[in-house]
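One structure is given below, encoded as C-alpha cells.
Read the figures in this text as sums done on the coordinates, not as results from a lab. Just so it is clear, the model here is predicted, and its values are computed rather than measured. Note: ideal-geometry Cβ built from the backbone for every residue, glycine included; neighbour counts use all protein chains shown.
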Amino acid sequence: QDGLKAELLAVALEAAHRAGELLRDGRPDDLGVAATKSSAVDVVTEMDIASEKLITDFFADRRPDDGVLGEEGASFEGSSGIQWVVDPIDGTVNYLYGRPDWAVSIAARAGGETLVGVVHAPVRGETFRAVLGRGAYVNDRPARVRAAPPFDQALIGTGFGYVAQRRAHQAEVARELLPRVRDIRRGGSAAIDLCDVAAGRLDAYYERGLNPWDFAAGDLVAREAGARTGGRPGETLSTELTVAGPPGLFEQLQTFLDERGAWHD
Ligand code: IPD
C-alpha cells in the first residue's frame with residue numbers, strides 16, 4: 001500500500017498547490033459573496049467554486065476512477081475505493097477579508113480510513129502533510145505536538161458554526177472554558193487549527209459541528225504528529241464534535257466538553 005499512498009500524496013500536493021496559486025494570485029480586489037449557505041454569514045465566494053472546480057478537474061484527469069466529496073457540492077462515487085474529501089478554501093471568511101489564515105484541505109480516504117492528508121496554507125507559506133503510519137510534516141520539518149501542559153496552562157483553539165442558536169451555546173461553553181485555561185484562540189480555519197495542534201502552536205483544539213471536508217486532512221496531520229483526536233469520550237471524531245490534543249490534555253478537554261454538552265446545540 002506504500003506505493004498507493006505515495007501516489008495519493010503526490011496527487012494531493014499538486015492539486016493543493018495549483019489551487020493555492022489560483023487563490024493567492026487570482027484573488028480579485030473586489031471579491032464579494034457569491035452565495036450563502038446555512039445562514040447569512042456562511043458565505044461562498046466565486047473563488048471557492050473556482051478552486052473546487054480546479055481540484056475536481058485535476059482528479060478527473062489524474063485519478064478518474066476515484067470518488068470526490070467537496071464542500072461546494074462535488075459528489076462523485078467512483079469505483080476505485082478511494083474517496084477524496086476536499087475543502088477548496090477552509091477559512092473562507094478569512095479569505096474574504098484578506099486575512100492570511102486560510103487553506104486548501106485535501107484528504108484521501110479508503111475503507112473508512114484517511115490514508116493521506118494535505119493542508120496547504122499559501123499565504124503562511126506552509127504545507128502540512130501526513131501519510132497514515134508515516135508521520136506528519138510542516139513543509140519539510142517533522143511536526144510534533146507539544147507535551148500536555150496542566151489544563152490551566154493550555155492554549156486552546158476553537159471555532160464557531162454559522163447558525164445563531166449553535167453559536168449561542170458555543171459561546172456558553174467558551175465562557176466556562178476561558179477562566180480555566182491560559183487562553184483561547186479562534187483562528188478561522190479548522191484545518192489550520194488541527195495542524196497548529198500538530199505543530200505545537202496550540203495545545204489543543206475543539207469545535208462542534210464541523211463537516212468532513214473541514215477536518216479530514218487536519219485530523220490525520222494531528223494524529224500523525226502525536227495528537228489524539230475524537231468526539232465525545234470513547235467516540236471517534238465526527239460532525240458532532242471534534243477534539244484534538246496530546247494524551248492527557250485531550251481526555252481532560254473531552255471530559256470538560258462532555259460535561260457541558262458541547263456536542264449539542
Ligand atoms: C469553516 C472554518 C471555521 C470553522 C467553521 C467552518 P469554511 O470552514 O473551518 O474555522 O469554525 O465551522 O465551517 O466554511 O471556511 O470552509
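Semi-axes of the range 2-142's equivalent ellipsoid from the Cα gyration tensor, sqrt of 5 times each eigenvalue, largest first, rounded to whole Å?
Values: eigenvalues 126, 64, 31 Å².
Working from the Cα gyration tensor, I get semi-axes of 25, 18, 12 Å.
So in the range 104-248, what percent of DSSP beta bridges are antiparallel if you round to the nearest 5? Walk me through the numbers on the way to the answer.
On the way: 25 of 31 bridges.
Approximately 80 percent, going by the DSSP bridge assignments.
GNM, the chain, Cα, under 10 Å: largest mean-square fluctuation among GLY200, GLY112, GLY209?
Residue with maximal mean-square fluctuation among GLY200, GLY112, GLY209: GLY112.
Counting other Cβ atoms within 10 Å, which trypsin sites (Lys or Arg not before Pro) in the range 1-91 have at most 16 and lie in a DSSP loop? Could you put the intermediate results ahead of the total?
Numbers: sites: LYS5, ARG18, ARG24, LYS37, LYS53, ARG62; in loops: LYS37.
Answer by residue number: LYS37.
Which stretch or stretches of the range 244-265 have amide N atoms under 16 Å from the point lying 7 Å from ALA171's Cα along the Cα→Cβ direction?
265
How many angstrom separate the Cα center of the range 1-62 from the Cα center of the range 83-122?
Distance between centres, Cα-based: 8 Å.
Given points 7 Å out from each Cα along the Cα-Cβ axis, report the GLN153 to GLU259 separation in nanometres with one decimal.
2.1 nm
Which length gain, in nm to one decimal place, applies between ALA10 and ALA34 when the Cα-Cα distance is subtracted from 0.36 nm times their residue separation? Let's see the in-between values first.
Numbers: separation 24, 0.36 × 24 = 8.64 nm, distance 3.15 nm.
Net length gain for the segment: 5.5 nm.
Expressed in nm to one decimal, what extension gain is obtained for the pair VAL163 and THR236 from 0.36 nm per residue of sequence separation less their Cα-Cα distance?
Working: separation 73, 0.36 × 73 = 26.28 nm, distance 2.40 nm.
Gain in length upon complete extension: 23.9 nm.
Taking the Cα of VAL41, stepping 7 Å toward and past its beta carbon, and measuring to each backbone N in the range 77-121: which are under 17 Å?
Within reach of a label on VAL41, which here means backbone N under 17 Å from a point 7 Å along Cα→Cβ, the range 77-121 contributes 91-99.
Long-range amide H contacts for LEU115: which residues qualify at under 5 Å (H placed 1.01 Å from N, peptide plane, sequence gap of 5 or more or a different chain)?
When sequence neighbours closer than 5 places are left aside, the close amide H contacts are ALA108, ARG109, ALA110.
Quick one: what are the phi-derived ³J(HN,Hα) couplings along the range 131-147, Karplus 6.51/-1.76/1.60 with θ = phi - 60°, whole Hz, x for glycine and proline?
Once rounded to whole Hz, the list reads 10, 3, x, 10, x, 10, 9, 10, 6, 9, 9, x, 9, 9, 5, 6, 5.
Over the range 136-265, what is the mean sequence separation of C-alpha contacts under 8 Å (at least six apart), divided by residue count, expressed as relative contact order in percent?
Working: 266 pairs, mean separation 38.2, N = 130.
So the answer I get is 29 percent.
Before rounding to the nearest 500, sum -39500 (n - 2.57) across all DSSP H runs of length at least 4 in the chain and divide by the residue total; then give [θ] at 222 nm in deg cm²/dmol. Don't skip to the answer; put the middle values down first.
Values: 7 runs with 93 residues, N = 265.
Value at 222 nm, helices only, nearest 500: -11000 deg cm²/dmol.
Ignoring solvent entirely, what values of log10 I(q)/I(0) come out of the Debye formula for the range 93-138 at 0.27, 0.29, 0.30 Å⁻¹ when each Cα is a single scatterer?
Result of the Debye calculation: -0.92, -0.98, -1.02.
Can you compute the radius of gyration and Dmax for the chain, using only the Cα atoms, both in Å?
Considering the chain through its Cα atoms, Rg and Dmax are 17.4, 51 Å.
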